[in-house]
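Presented below is the structure to which this report refers.
The values are calculated or read from the model by the stated rules, or taken from the named source; none is laboratory data. Remember, predicted model here, so these are calculated numbers, not experimental data. Here the Cβ positions follow ideal geometry from the backbone for every residue, glycine too, while neighbour counts run over all protein chains shown. Remember, those area values only see protein heavy atoms, side chains included, never the ligands or the DNA or RNA. Shrake-Rupley method; radii C 1.70, N 1.55, O 1.52, S 1.80 Å.
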Amino acid sequence: MFNTKNISPDNLSFFTAVCLSVPVGIAFYIISFKWIDALIALVIVFILSFFLIRFVLNKFIYRKIKVIYKYIYQTKANKREEIYQKYILPKKSIEEVNSDVEKWAEQQAAVIDDLKNNERYRREFLQNLAHEIKTPIFAIQGYIDSLLDGALENPSLTKKFLENASRNVGRMVELVRDLDEITKLESGEQLLHKKKFIIQEIIREVFETLSRKAGEKNIHCSIKKGCEQPVEVFADKEKIVRVLINLVSNAIKYGKNDGHVTAGVYNTDEQHVLIEISDDGIGIAEQHLSRIFERFYRTDTGRSRNTGGTGLGLAICKHIIEAHGKSIHVRSKEDVGTTIGFTLDKG
Ligand SMILES: Nc1ncnc2c1ncn2[C@@H]1O[C@H](COP(=O)(O)OP(=O)(O)O)[C@@H](O)[C@H]1O
Ligand SMILES: [Mg+2]
C-alpha cells in the first residue's frame, strides 16, 4: 500500500482513519441498508479520525522527537538548527530519524573514546613526571641532609655535596624548561614565525654551541661532504635551532668517544629539503625505534638517565616538525649508529 519504511504522520493518519471508517460504514449499511447513510458515516468518521490522529501524532510524538533532535544537535549553529527544525525534520521519516540518532550515538562514542585516551595520557604523563622529579629531588634532599648532619664541617665534602646538589637542580631546571616547551607546543599556544634562512648556517651554529660537549668525548662534528652548497629553507628558525640542538646533543650523548656526528642536507624535490643528523654511536635496538619520539621514552632507562636527559627532547622535535606540517624519522642499528632526519619546505 505504502512504504512502511517511510511512514509520515499523514500516511499513518490516513491508514488508521481508513481502518476505522470502513468498518463503521459497513456497520451502518448492515443496520440501515441505506448506502447513502453508510457513505456519510464513513466520510464523517474518516475525516474526524484522520484529523484527530494526525493532530495527536504531530502534537505529541513528532514534537517530542523534535525536542530530542534539538538536544542532539544543540552544538549546531542556531540559524542552521532553526532551518533544520522547520524544513528538513518534518520531512524525515521515523527511520531516518532513527539512523540519524544512531549516527549521533556513534559520534558520541568516539568523543568518549577520545576523552578516555586523553585521561589515560594525562595519568601516564603525571606518573612519568613524578618519577622524573623524584630522582633529582631525593638526591638534593640527601646532600642537604648530609651537610646538616655534619658534612658542613668538612670543606672538601661541603664543596662536593653542593656541586652534586647543584647538578641535580640543573636537571630539574632542564626538565621544567622542556615541560614548559612541550605543553606550549601541545596546546598550540606557540605560533610559528617562519622566515627564509640558510640551513647550513644554523647547523654550524649548533655545532659551535655544542663544541664543548663534543670536545669532552673527542667527537668531530661536520657537514657531510657534498652537502655544503647553501640551501635556503622556509621555517621557524628558532624552533629549528631547538630541533638541531636536541638531535646533535643526542648524537653526542649517545655517540662513542672519538666518533663522528655528521649533518646531511638534501634537496628531495622542488619543494622539500631533507636534513639528517647521523652518529656512529651506540644505536637504538629495533624494538625501541617506533617509540623514541614518545614523551619520557628512553631505550635503556639506566644508561640514558645517567647521561642526564629529560626524555622529552625527541618529543619536542616531533612536535616542532609536525607543526611545520612535515615529518621526522629515524634509522638506526645497534652499535653502528643512528640517523634522524626531518623535512622542511624550501625557501
Ligand atoms: N642518536 C641517538 N643514538 C642512540 N639513542 C638515541 C639517540 N637519540 C635518541 N636516542 C634514544 O632515544 C631516547 C629519547 O631521546 P630524547 O627524547 O632526546 O631523550 P633524552 O633526554 O634521554 O636524550 C634517548 O633516551 C635514547 O635512548
Ligand atoms: Mg635528548
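Observations on the structure shown:
- Gyration tensor (alpha-carbon) shape descriptor, the stretch 97-239, a/c threshold 1.5: oblate
- Computed [θ] at 222 nm, helices only, for the chain once each DSSP H run of length n ≥ 4 contributes -39500 (n - 2.57): -19500 deg cm²/dmol
- What a 1.4 Å probe finds exposed on the chain is 58% carbon and sulfur by accessible area, rounded to a whole percent.
- For the stretch 269-291 versus the stretch 110-174, the spacing of their alpha-carbon centroids is 31 Å.
- Shape class of the stretch 123-187 from the Cα gyration tensor (axes a ≥ b ≥ c, square roots of the eigenvalues): prolate, since a/c reaches 1.5 or more and a/b is larger than b/c.
- With Cα atoms, 0 to 90° folded angle of helix 313-323 axis to the chain main axis: 50
- Of 240, 223, the residue with the largest accessible area leads and the full order is 223, 240 (1.4 Å probe).
- Database remark: amide H of residue 220 closer than 5 angstrom to the amide H of 259, 260, 261 (H placed geometrically; neighbours at sequence offset of 5 or more, or on other chains; Pro and chain starts carry no H).
- The GluC sites (Glu not before Pro) of the stretch 170-260 that meet both conditions, a loop assignment by DSSP and at most 10 other Cβ atoms within 10 Å of the site Cβ, are 189.
- Nearest-10 value in Å² for the accessible area of residue 222, using the 1.4 Å probe: 30
- Unsatisfied cross-links (Cα-Cα over 25 Å) in the set 160/213; 159/256; 160/217; 195/318; 213/346; 103/318: 159/256; 213/346; 103/318
- Efficiency of FRET between residue 67 and residue 116 - r from beta-carbon atoms, R0 35 angstrom, step 0.05: 0.75
- Relative to the dominant Cα principal axis of the chain, helix 9-32 is inclined by about 20°.
- Note on the chain: semi-axes of the ellipsoid equivalent to its C-alpha gyration tensor, largest first and rounded to whole Å, are 75, 27, 16.
- Efficiency of FRET between residue 123 and residue 173 - r from beta-carbon atoms, R0 30 angstrom, step 0.05: 0.75
- Accessible area of the chain divided out per residue, in Å², using a probe of 1.4 angstrom: 62
- Cα-based helix-to-principal-axis angle, 199-209 vs the chain, degrees rounded to 10: 50
- Farthest toward positive dipole pole in the chain [+1 Lys/Arg, -1 Asp/Glu at C-beta], among 55, 200, 230: 55
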